[in-house]
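Below is one structure; the comments refer to it alone.
Throughout, read-outs are computed from the coordinates displayed, never taken from laboratory work. What you see is a predicted model; the values in this text were computed from it and never measured. So basically every Cβ, Gly included, is an ideal-geometry build from the backbone, and we count neighbours across all protein chains shown.
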Amino acid sequence: EIAQCLVGSEMCIRDSIRTYDFFIKLNKLIEKYQIPKKYFELELTETMIGGGQGTTRDFVRECKKEGYSVSIDDFGSGYSSLNLLKDLPVDILKIDKGFLDETAESKRSSIIVQQVVEMAKKMKIGTLCEGVETLEQAYFLKDIGCDMAQGYLFSKPMPMKEFETLI
């Protein structure tokens, strides 16, 4: 049930994190598949968090207590980004690709990405920029000190078997 939820819809996950036995079920899955918790990241989107920041803050704190890493996906796509940083003890910010798409044409977008990376570093939060499609974008992210990048420049999504062959 929880496994389907983890790969299922945001609504399913949103409902599941509010139940008291979420971590019991998740920990059983982790144990069953022998995945070290440090390699398991719980990813929350800004839209998923929505207005329930108190509940989400408690959930994130419980994740940290349980030994899980927590990230905020699509950071910057919502309207509460800075409040999320202030209130949630997350490990990684995944910067929304919309900002990166505009860095070549927009000085403002470049400044925003650069300042988000700088601010995250000061808060000891890792950064990952989504949607990297060109070498120019990759060099820009490297120059500003972004920790990680993902996107079609590196690889398009692929079936598990193909990925296993690749690695």
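Please say if segment 27-167 is rounded, prolate or oblate, where rounded means a/c under 1.5 for a ≥ b ≥ c the square roots of the C-alpha gyration tensor eigenvalues, and otherwise the choice is prolate for a/b larger than b/c and oblate otherwise? It is oblate, given that a/c is not under 1.5 and a/b is not larger than b/c.
Across segment 117-122, computed HN-Hα scalar couplings (Karplus, 6.51 cos²θ - 1.76 cosθ + 1.60, θ = phi - 60°) run 4, 4, 5, 4, 4, 5 Hz from first to last residue, x flagging Gly and Pro. The amide H of D147, built 1.01 Å from its N in the peptide plane, has T127 as neighbours under 5 Å, considering only residues 5 or more places off or on other chains. L135 sits among other residues whose Cβ lies under 14 Å from its own Cβ, and their net charge, with Lys and Arg +1 and Asp and Glu -1, is -2. Amide hydrogen proximity for T45: with H placed 1.01 Å from N in the peptide plane, the residues at 5 or more positions away or on another chain lying under 5 Å are D73. Please label the shape of segment 103-167 as rounded, prolate or oblate, based on the square roots a ≥ b ≥ c of the eigenvalues of the alpha-carbon gyration tensor (a/c under 1.5 means rounded; beyond that, a/b larger than b/c means prolate, else oblate). Taking the square roots of the gyration eigenvalues as a ≥ b ≥ c, segment 103-167 is oblate. Let me check I've understood the local charge: for L153, count other residues with C-beta under 15 angstrom from its C-beta, Lys and Arg +1, Asp and Glu -1. What total comes out? Computed value for this residue: -1. For I95, the residues whose amide H sits under 5 Å from its own are F75, L128, C129, E130, ignoring neighbours fewer than 5 places away on the same chain, with H placed 1.01 Å from N. A dipole drawn for segment 73-167 from +1 and -1 charges on Cβ atoms has a positive end, and of N83, F154, L93 the residue lying farthest that way is N83. Restricting attention to segment 51-167, the count of lysine pairs at 8 or more positions apart or across chains with alpha carbons under 21 Å apart stands at 26.
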